[in-house]
Structure formats: structure tokens, C-alpha cells
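What follows is a single structure, written as C-alpha cells, with notes after it.
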Amino acid sequence: QVQLVESGGGLVQAGGSLRLSCAASERTFSWYAMGWFRQAPGQEREFVGIIYWNGGRTFYADSVKGRFTIDRDNENTAYLEMTRLKPEDTAVYYCAARTVATMSSEWDYWGQGTQVTVSS
């Protein structure tokens, strides 16, 4: 089964930056998209952003637009660069993969998450 592994989380002060990575266990060049989500304690998982492998087009949630940037290499890794971090960005961050384009919004694979904590 395909595995996604997030890394790069940690503790950072407000206004700082972190770069998260999501490495897939196989090449992703033929996949449809990779997405980033986050979940804070006591809250439901929320969408952060997405990158489409073919062409690299991105889309972001309003809460992070202008501060976060998603990128990817041409093999198996997606990245989430977070800048000007705020305490409300504190959450477990997850990456997800969609292998083919369909009308469904389901994601095929999920990583186990990496903790990001932003102190005030």
C-alpha cells in the first residue's frame, strides 16, 4: 500500500517559518494532486491547500493564502512552506494524495501527520 510520510514539524515562534515535506513511497509524477490539511485539538480537519502535479497549479484556503506555499518535485515529494506563522496555525498537519481526477472529493492516501506548534 502507498505510504505518505510527513516531516519538518516543530515548535516555532509567531512570525517564524517552517517547511514541511510529504514523501510518497512511490513516484507521483502520474498522480492528480497532493493536498495539505490540518487539525487542531478539539476541531475537525480543515483544508489548507492543494497542488496539481500536472503543471503545478495551486489553491489555498483563505486562512493561509499569502503566507503558505505548496511546491513539489518531479518524483515523490510535496512541500508546504509556511511563513509568518500565527498561534492559530498550531495543529497536526497532514498530507494526502489523489491519484486520479474524478468528480468525487475523496482522497486516496493520507499521511500520519506532523505537529506544528506556534508560540505567541
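A few notes on this one:
- Take the conditions (1) touching a residue at least 24 places away in the same chain (Cβ under 8 Å); (2) outside any loop (DSSP other than H, G, I, E, B); (3) open to solvent by 30 Å² or more (accessible area, probe 1.4 Å); (4) of a type outside the set (V, I, T); F59 misses just one of them, which is (1).
- Number of residues in the stretch 62-77 that are closer than 11 Å to F29 by Cβ and not in a strand (DSSP E or B): the value is 4.
- Residue list for the stretch 1-29, filter: hydroxyl-bearing (S, T, Y) and over 11 Å from the mean Cα position of the chain (by Cα): S17, S25, T28
- Residue tally, condition polar (S, T, N, Q), open to solvent by 40 Å² or more (accessible area, probe 1.4 Å) and farther than 22 Å from A14 by Cβ, over the stretch 62-90: 2
- Filter pass, V92 being in contact with a helix residue (DSSP H, G or I) (Cβ under 8 Å, 6 or more places away or on another chain) and touching a residue at least 12 places away in the same chain (Cβ under 8 Å): no
- For the stretch 78-93, the candidate set comprises residues that are assigned to a strand (DSSP E or B) and aliphatic (A, V, I, L, M); within that set, the residue that is nearest to S17 (Cα to Cα) is M82.
- For the stretch 95-118, the candidate set comprises residues that are touching a strand residue (DSSP E or B) at 6+ places or on another chain (Cβ under 7 Å), assigned to a loop (DSSP other than H, G, I, E, B) and small (G, A, S); within that set, the residue that is most open to solvent (accessible area, probe 1.4 Å) is G113.
- Counting only strands (runs of 3 or more DSSP E) that fall entirely inside the stretch 1-48 and contain at least 2 residues that are surrounded by 18 or more Cβ atoms within 10 Å (Cβ to Cβ), the qualifying elements are 4-7, 18-24, 33-39.
- Selected residue [under 22 Å from A33 (Cα atoms) and at pLDDT below 95] from E81, E106: E106
The values are calculated or read from the model by the stated rules, or taken from the named source; none is laboratory data. Predicted model only: the values in this text are computed from it and were never measured. Because the Cβ atoms are built from the backbone with ideal geometry, glycine has one as well, and the counts that use them run over all protein chains shown. Only protein heavy atoms, including side chains, enter the accessible area calculation; ligands, DNA and RNA are left aside. Shrake-Rupley method; radii C 1.70, N 1.55, O 1.52, S 1.80 Å.
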